[in-house]
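Notes to accompany the following structure.
The values are calculated or read from the model by the stated rules, or taken from the named source; none is laboratory data. Values in this document were obtained by computation on a predicted structure and should not be read as measured data. Cβ sites come from the backbone with ideal geometry, for glycine too, and all protein chains shown count toward neighbours. In case anyone asks, the SASA skips ligands and DNA or RNA and just uses the protein heavy atoms, side chains included. Shrake-Rupley method; radii C 1.70, N 1.55, O 1.52, S 1.80 Å.
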Amino acid sequence: MNSVFTNVVTLETHLRKAIEQDELSLFYQPQIDVATGKAKSFEALLRWDDTEFGEISPSVFIPLAEDTGLIISIGYWVIETACRQISAWNDMGFNDIRVAINISPKQFQHPNLVPFIQSMIEKYQIRASSLGIEITEGAMHDMKETIPILKKVKELGISISVDDFGTGYSSLSYLKQFPIDVLKIDQSFIRDILKEEKDAAITSAIIHLGKSLGLEVVAEGVENKQQVEFLANANCHKIQGYYFSKPISSSELEKQFLVKNTAWGKPRY
C-alpha cells in the first residue's frame, strides 16, 4: 500500500508540472466516412510523455486528474491546443475538417467552460463548426444543469457527441431534449457484433435510431474488415478504430489523411 500511495503522490506531482514542462500532447484518430471512404473528422486524444516515467497510459492519469481536480486546467489546455491545431490546418488549406475533444463531467459543469471555448474560437479565428465536444452519458445525469450548458455550446455552432452511447445513464428522453448531433456506439458493442446476436442487434438499432432522429452515428473500436462490412451494410455514417488508424500525431495525420486526401474506407471493403 505504501509503494502504491507513494507512486500516486509522485504521479500527481509530475502531472501538476506536465503542462508547464510541455509533456502533454494531442494525438488524433480519424473517423472514416463510410460513403466516401475519407476522413474529415478526428477525435483528439490526450497523451502524456513524462520525462522520468516515460509514456503514461490515459487510463492511469486521467482518473487521477479527475480525482485531484487537475482535469479542469488540463481540459482548458486541450481546448486551446485543439483550436490552435485547427487554425494551423486551416492555414494549410484544410477548412472542411472537424476535431472533437472530450469534456470530462467535472469540466462540463465548470461555469467558465463555454466562455473559454468561445474565447479560443475567437483567438484562433476558426469556425465553431470545426470544433466538436464529446460528453459521456454520465455528464447528462442532471438534466436541469445539462440542458442550458448544451444549448449554449450549440448556440456557438459546435457539434455535440454522446460518447460510449448505451453504456451509462441511457435514457431515450435525453435524445429528445438535448441538442445532440452525434451518437458514438461504444466499442464494447462493436467487439462482438460478428458472434453475439444481441450486440449486433443493439448496434443496428442504435444506427437506425440515430438516423431516424437525424443524428450522425459513429462506431468506435473497429478492428477488422468484417466489422467494417457489417457497419457499412447497417448504414453507419462513420467508423473509427485501429482497422483504419490508431491515434497519431498531427504531423502523421497530415501525411496520411490530409495531404494525400486518401479514400481509406471504400477500397478496404
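Points to keep in mind about this one:
- Measuring nothing but how far apart in sequence close Cα pairs (under 8 Å, 6+ apart) lie, relative to its length, the chain scores a relative contact order of 21 percent.
- Assigned charges on the beta-carbon of Lys, Arg, Asp, Glu; the chain dipole about Cα centre (debye): 920 debye
- Here each label is just a point 7 Å from Cα along the line to Cβ, and for ASN233 and SER249 those points are 4.1 nm apart.
- DSSP beta bridge pairing in the chain, given as percent antiparallel to the nearest 5: 40 percent
- Within the accessible area of region 1-103, the carbon and sulfur atoms contribute 53%, probe 1.4 Å, all protein chains present.
- LYS17 paired with ASP67, simple spin-label distance in nm, labels 7 Å along Cα-to-beta-carbon: 2.1 nm
- Here's the picture: charge each Lys and Arg Cβ at +1 and each Asp and Glu Cβ at -1 in the chain, and of VAL114, PRO63, TRP77 the one pushed furthest to the positive end of that dipole is VAL114.
- Among ASP163, ASP33, ASP192, the largest mean-square fluctuation in a Gaussian network model of the chain, built with springs joining Cα atoms closer than 10 Å, belongs to ASP192.
- Among the listed pairs LYS38/LYS176; LYS151/LYS184; LYS211/LYS238; LYS17/LYS246; LYS38/LYS246; LYS211/LYS246, those with a Cα-Cα distance over 22 Å are LYS38/LYS176; LYS17/LYS246; LYS211/LYS246.
- Probe 1.4 Å, protein heavy atoms only - accessible area per residue of region 126-236 in square angstrom: 47 Å²
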